[in-house]
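The values are calculated or read from the model by the stated rules, or taken from the named source; none is laboratory data. This structure is a prediction, so every number in the text was calculated from the model and none was measured. Heads up, the Cβs are rebuilt from the backbone with ideal geometry, glycines too, and the neighbour counts pull from every protein chain shown.
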Amino acid sequence: MINIHKYYFVENEYLYGPGKRLLLFCQGCSLHCQGCVNQHLWEFGKGQDISSDEIFNLCSDIDGITLHGGEPLDQSEELLPLVYQLKKINKTVILFTGYSYKELKLASQKKIWRLSDIVVAGRYVASKRNIYLQFRGSSNQRIYTHKGKYENYKVNDGKSVTLLSLNKNGQLNVKGFKSNNLQDILNIFTKK
Ligand code: SF4
């Protein structure tokens, strides 16, 4: 079983990858980056258990899955069968991980990395925060595109990864990379 925080369907290429995707937030992260906005996802086993078959069955009409954190590669043994199943039917896999490739110790971690069409990798480093990078929260993080559908994928930096909107009650909705820094929020509203 895979322990997850939640999942939902998204169509937001800038934040989560091309096409219609199942966005899966894994529960548990051993990396504990300072300034991580997903600290509620650090504790292992606190989410809901879901089988890879159950997730697989949700993916028939979409482009693929985006594995997000928490840290997906901390559950690599549980996730690998799902990744195999999805690749078999030509779905794409986008992996967000705090690890670099050379840190990976398990064969299952390396296999998921290699099978993923796009890998966004590296710790979040608060001093390198940049809210105008596609997929990434800090400038040290790297994007790898492998052979396959997204081999020539063009990364398109420059838009804010934080999406702000007001709902009908006048409350602020924040999606994507969240910031408590007022200057970041002002920058989003004023950037041309
Ligand atoms: S790897 Fe991701 S989820 Fe884990 S602490 Fe770092 S930013 Fe947070």
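Quick notes on this structure:
- Residue that is farthest from Asn3 (Cα to Cα), among those in segment 51-82 that are surrounded by fewer than 18 Cβ atoms within 10 Å (Cβ to Cβ) and of a type in the set (A, V, I, L, M, F, W, C): Ile62
- Exactly one residue out of Phe135, Phe96 is surrounded by 21 or more Cβ atoms within 10 Å (Cβ to Cβ), over 21 Å from Ile55 (Cα atoms), in contact with a strand residue (DSSP E or B) (Cβ under 7 Å, 6 or more places away or on another chain) and modelled with pLDDT of 95 or more: that is Phe135.
- Some residue of segment 140-157 being buried (at least 19 other Cβ atoms within 10 Å of the Cβ), within 16 Å of the ligand (Cβ to nearest atom) and either polar (S, T, N, Q) or in contact (Cβ under 8 Å) with a residue 40 or more places away in the chain (or both): yes
- Where Val120 falls short, out of the listed (1) touching a residue at least 12 places away in the same chain (Cβ under 8 Å); (2) more than 12 Å from the ligand (Cβ to nearest atom): (2)
- One residue from Val120, Val125 being buried (at least 21 other Cβ atoms within 10 Å of the Cβ) and either among the hydrophobic types (A, V, I, L, M, F, W, C) or under 23 Å from Lys20 (Cα atoms) (or both): Val120
- Flag if Ile94 is within 25 Å of Gln134 (Cβ to Cβ) and either hydrophobic (A, V, I, L, M, F, W, C) or out of contact with any Gly (no Cβ under 8 Å at 6 or more places or on another chain) (or both): yes
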